[in-house]
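This report refers to the structure that appears directly beneath it.
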Amino acid sequence: MQTTRLAVNNLHLKNGHVVDPANNINGVRDLWIQGSRFIEKDEVKEGSNLEVIDLTGRMILPGFVDLRCHPRNVTGGSTENICSISKTAAQGGYTSILGMPNISPFIDNPGDARYATECAERDAVVKFHLAGALTEKSEGNKLSPIGSLKESGIIAVTDCPYSTQNNEIFVKGVEYAAMFNLPVIDFPRELSLSKHGTAHDSAIALAMGLGGYPRMAEEMFVQRSITVSRNLDVPIHLSSISSKGSVELIHDAKSKGIRITADTTPHHIFFDDRMIKDYDANFKTHPPLREECDQKALLSGLKEGTIDAICTAHEPHQNYLKQAEYDVAPAGVTSLDTCFSAIFTRFFAETKNIAFECAKWLSYNPAKILKIEGGNLGRGMCADFVVINSNQKMIYTQNNTSSLASNNPFYGKDLRSIIEKTFVNGKVIFDNV
């Protein structure tokens with residue numbers, strides 16, 4: 001790769017393989033950037049001082065957009081904060097991420113939402129967006145002040161990684177969010193059926209002496225969101241789907257025109273519950289890894305469009321917490337820096353135009369769901385993009401991450417395709433060359 005570096009913010013990207021589902025582009029072409037946005041060749045002014053980057057043999061995709069990640073603190077500390085999670089995101093090709101409300105301070109009031117937004121504007125290297133809590137402290141007892149939260153900078157509402165158990169409050173929250181044109185994201189879990197569950201309810205969990213978290217606990221609330229969406233005619237997004245039955249319910253709902261979208265995670269399409277047999281808590285995910293039939297249903301759901309997107313579900317935990325006994329260790333894994341490579345590796349041999357599909361699952365569709373600018377390399381769009389070497393492989397180790405946590409299930413895995421550069425608003429924020 002040859003790069004000519006000049007002290008300008010205008011770029012000419014030469015000979016890259018451009019993958020852009022928004023404009024149905026999948027082939028070698030040049031791109032031009034002026035300031036922070038893409039322009040057409042005929043808009044380049046004569047004598048412009050362009051930085052020319054030769055990307056022969058590389059792919060250019062829209063910057064990835066994450067629908068679910070969990071920074072632990074707004075600033076500082078030894079646990080994942082907005083600064084560290086944004087650097088990890090950039091390393092994984094993400095240019096926009098959505099932080100869940102269970103951060104410290106909790107995002108269920110305008111003051112803390114404004115504070116977190118201001119810190120993100122100062123500290124984040126990517127576009128860090130906030131989701132506000134649907135209910136106070138995500139406890140499901142009382143709605144948060146959703147209108148005031150929007151005025152304070154949130155772009156979606158959710159109780160993830162929890163789910164409102166009170167159906168009346170959930171319905172009112174969905175109605176209220178729709179008044180403010182805010183996406184609702186639900187993490188479907190009926191708690192009374194799963195509150196003691198630390199693993200998928202199967203023969204493996206039984207043999208290991210672990211409490212079961214059955215498919216039914218997810219599927220009941222998937223059906224709840226479908227019913228609410230149908231009756232109120234409002235969109236609801238379902239996060240981190242893991243069950244074969246959930247895929248079937250969502251497929252049926254979409255065939256009837258119900259306004260449901262859904263995502264799954266890289267670990268749920270890469271692994272199944274056999275991975276927990278050694279009590280390795282880095283495979284204790286949220287929701288749990290399920291059986292091979294569920295994994296196959298998720299793969300099929302992605303390919304056919306029943307599942308719209310892939311979220312990272314990045315949940316960082318300190319080592320001492322994850323090194324506890326399996327049944328008491330917290331659920332959740334990190335994946336912002338491995339998601340794309342894991343997905344590309346998993347689908348490479350069996351899916352035609354895998355880069356194009358990845359751009360849909362990780363960028364174009366998530367941006368549409370969140371109603372934000374992104375996932376588009378067209379004229380006038382923000383120059384958020386990622387440069388990828390799809391031929392290079394790596395064995396992922398703890399030395400590869402910018403995260404302050406190391407609870408990643410892909411350690412030691414041979415992953416295909418690496419992120420070489422990540423750009424936000426036309427500026428390099430990550431460079432691995």
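In region 383-426, the qualifying residues are those that are aromatic (Phe, Trp, Tyr) and within 21 Å of residue 128 (Cα to Cα), and the one that is surrounded by the fewest Cβ atoms within 10 Å (Cβ to Cβ) is 423.
In summary, residue 82 fulfils each of the numbered conditions (1) modelled with pLDDT of 95 or more; (2) out of contact with any helix residue (DSSP H, G or I) (no Cβ under 6 Å at 6 or more places or on another chain) with the single exception of condition (2). Got at least one residue in region 160-181 being crowded, with 20+ Cβ neighbours inside 10 Å, within 30 Å of residue 400 (Cα to Cα) and among the hydrophobic types (A, V, I, L, M, F, W, C)? Yes: one or more hits. When 429, 369 are screened for being touching a His at 6+ places or on another chain (Cβ under 9 Å) and either part of a loop (DSSP other than H, G, I, E, B) or crowded, with 19+ Cβ neighbours inside 10 Å (or both), only 369 passes.
Yes or no, residue by residue, for (1) on the phi > 0 side of the Ramachandran plot; (2) touching a helix residue (DSSP H, G or I) at 6+ places or on another chain (Cβ under 6 Å); (3) part of a strand (DSSP E or B); (4) in contact (Cβ under 8 Å) with a residue 60 or more places away in the chain:
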residue	(1), (2), (3), (4)
386	no, no, yes, yes
399	no, no, no, no
403	no, yes, no, yes
417	yes, yes, yes, yes
422	no, yes, yes, yes
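If you check residue 343 against the conditions, is it under 21 Å from residue 267 (Cβ atoms), in contact with a helix residue (DSSP H, G or I) (Cβ under 6 Å, 6 or more places away or on another chain) and surrounded by 20 or more Cβ atoms within 10 Å (Cβ to Cβ)? Judged against the criteria, residue 343 is a match.
Applying the selection to region 182-195, what residues are assigned to a loop (DSSP other than H, G, I, E, B), surrounded by fewer than 22 Cβ atoms within 10 Å (Cβ to Cβ) and not acidic (Asp, Glu)? 194, 195 - these are the residues of region 182-195 that are assigned to a loop (DSSP other than H, G, I, E, B), surrounded by fewer than 22 Cβ atoms within 10 Å (Cβ to Cβ) and not acidic (Asp, Glu).
The residues in region 265-296 that are outside any helix (DSSP H, G or I) and basic (Lys, Arg) can be counted, and the count is 3.
Where strands (runs of 3 or more DSSP E) sit wholly within region 60-145, those with at least 1 residues that are surrounded by fewer than 24 Cβ atoms within 10 Å (Cβ to Cβ) occupy 127-133. Scanning region 257-272 for residues that are under 16 Å from residue 304 (Cβ atoms) and out of contact with any Leu (no Cβ under 6 Å at 6 or more places or on another chain) gives 260, 261.
Checking the stated criteria, residue 297 turns out to be in the same structural domain as residue 187 (by TED's automatic domain parsing), without any contact (Cβ under 8 Å) to a residue 60 or more places away in the chain and buried (at least 19 other Cβ atoms within 10 Å of the Cβ). Under the condition of being part of a loop (DSSP other than H, G, I, E, B), closer than 24 Å to residue 357 by Cα and of a type in the set (A, V, I, L, M), the residues counted in region 23-59 number 1.
Of the residues making up region 196-218, those that are under 25 Å from the mean Cα position of the chain (by Cα) and either surrounded by fewer than 18 Cβ atoms within 10 Å (Cβ to Cβ) or outside any loop (DSSP other than H, G, I, E, B) (or both) number 7.
The values are calculated or read from the model by the stated rules, or taken from the named source; none is laboratory data. For clarity, every value in this text was computed on a predicted model and none was experimentally measured. With ideal geometry, Cβ positions are generated from the backbone for all residues, glycine too; neighbour counts draw on all protein chains shown.
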